[in-house]
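Colleague: Handing you this structure, nothing more for now.
The values are calculated or read from the model by the stated rules, or taken from the named source; none is laboratory data. Quick caveat, the model's predicted, so the values are computed rather than measured. Backbone-built Cβ (ideal geometry, glycine too); neighbour counts: all protein chains shown.
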Amino acid sequence: MKKTILATLVMSGALCGLAHADAPSMKAGLWESKVIKHVVDGKDMAATTAEMMAKYQQAMAKMPPEQRAAMQAHMPVAAGSPGTARLCISPAMAANHGALAESHSHCPPASLTTIGNKTTFTFNCTHDGRTTVGTGERIMTGDTISGHVNMKVTDSQGTHNMEMESQMRYLGADCQGIKPIDQALK
């Protein structure tokens, strides 16, 4: 469950953050990410994702403070307001417009086109026996980034079509103890 939540939130944040050198700058610091739409094989996963997040938050709340702190120290996201997660973008990631460095990314974009504040991209990658092919776009307006991704994932369990829509909102320079994504993935 934790891996699914983490993967969904990090993916939505990372895909929203994809950019090109001509795109508006992304700020380092704390961002709140919200998955607006998550459809897998035609099935709306919003309720399932919200239920998993609620269970995760309940489990974290029941942990002793030291155990909760240990769990949070290894997570690059933290629960925010209902339906959201908070993630930290390091200065290095911000300088790269929110994209993970090649050493941390298993699926770098194959192509990027930026016109004004809108970036469109495609990707096609294979990692650990899983192939992911897709397209997307992200629009950056001030301290908000909106993104939309369509992808096809093929692995040992078959082929699945996924559509995601997400939004990120900048909350400030202080990451409030959340490890930056690129550092947490080391």
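Colleague: Looking at the range 1-24, is at least one residue modelled with pLDDT under 65, surrounded by 19 or more Cβ atoms within 10 Å (Cβ to Cβ) and over 24 Å from Thr126 (Cα atoms)?
Modeller: yes
Colleague: A further question follows. Test Thr126 against the stated conditions and say whether it is in a strand (DSSP E or B), in contact with a Ser or Thr (Cβ under 6 Å, 6 or more places away or on another chain) and polar (S, T, N, Q). First the steps, then the outcome.
Modeller: Numbers: in a strand (DSSP E or B): yes; in contact with a Ser or Thr (Cβ under 6 Å, 6 or more places away or on another chain): no; polar (S, T, N, Q): yes.
No: the conditions fail for Thr126.
Colleague: Sticking with this structure for a sec: Take the range 147-186 and flag every residue that is within 13 Å of Ile36 (Cα to Cα) and touching a helix residue (DSSP H, G or I) at 6+ places or on another chain (Cβ under 7 Å).
Modeller: Once the filter is applied, which keeps residues that are within 13 Å of Ile36 (Cα to Cα) and touching a helix residue (DSSP H, G or I) at 6+ places or on another chain (Cβ under 7 Å), the range 147-186 yields Gly147, Val149, Met164, Ser166, Met168.
Colleague: Could you list, in sequence order, all residues of the range 153-175 that are part of a strand (DSSP E or B), out of contact with any Phe, Trp or Tyr (no Cβ under 8 Å at 6 or more places or on another chain) and either small (Gly, Ala, Ser) or under 15 Å from Glu137 (Cβ atoms) (or both)? Reasoning before the result, please.
Modeller: In the first step, residues of the range 153-175 are kept if they are part of a strand (DSSP E or B); the result is 153-155, 158-172.
In the following step, the residues that additionally are out of contact with any Phe, Trp or Tyr (no Cβ under 8 Å at 6 or more places or on another chain) were identified as 153-155, 158-167, 172.
Passing the criteria: Gly158, Glu163, Met164, Glu165, Ser166, Gln167, Gly172.
Colleague: Determine the pairs where a residue that is at positive phi, located within the range 160-180, has a partner that is surrounded by 12 or more Cβ atoms within 10 Å (Cβ to Cβ) with Cβ atoms under 7 Å apart, the partner being 6 or more residues away or on another chain.
Modeller: Taking only residues 6 or more apart or on different chains, the pairs are Gly172/Gly29; Gly172/Leu30; Gln176/Leu30.
Colleague: Can you tell me which residue among Val35, Val40 is touching a Ser or Thr at 6+ places or on another chain (Cβ under 6 Å), at pLDDT 85 or above and over 16 Å from Gln183 (Cβ atoms)? Full working, then the answer.
Modeller: Details: Val40 fails: touching a Ser or Thr at 6+ places or on another chain (Cβ under 6 Å).
From the options Val35, Val40, the qualifying one is Val35.
Colleague: Within the range 96-135, take every residue that is of a type in the set (A, V, I, L, M), surrounded by fewer than 19 Cβ atoms within 10 Å (Cβ to Cβ) and at pLDDT below 80 and give me the one that is nearest to Glu32 (Cα to Cα).
Modeller: At the first step, the residues of the range 96-135 found to be of a type in the set (A, V, I, L, M) are 99-101, 110, 112, 115, 133.
Still in the running and surrounded by fewer than 19 Cβ atoms within 10 Å (Cβ to Cβ): 101, 110, 115, 133.
With at pLDDT below 80 added as a condition, the list becomes 101, 110.
Values: Ala101: 21, Ala110: 27 Å.
Per the stated criteria, the residue is Ala101.
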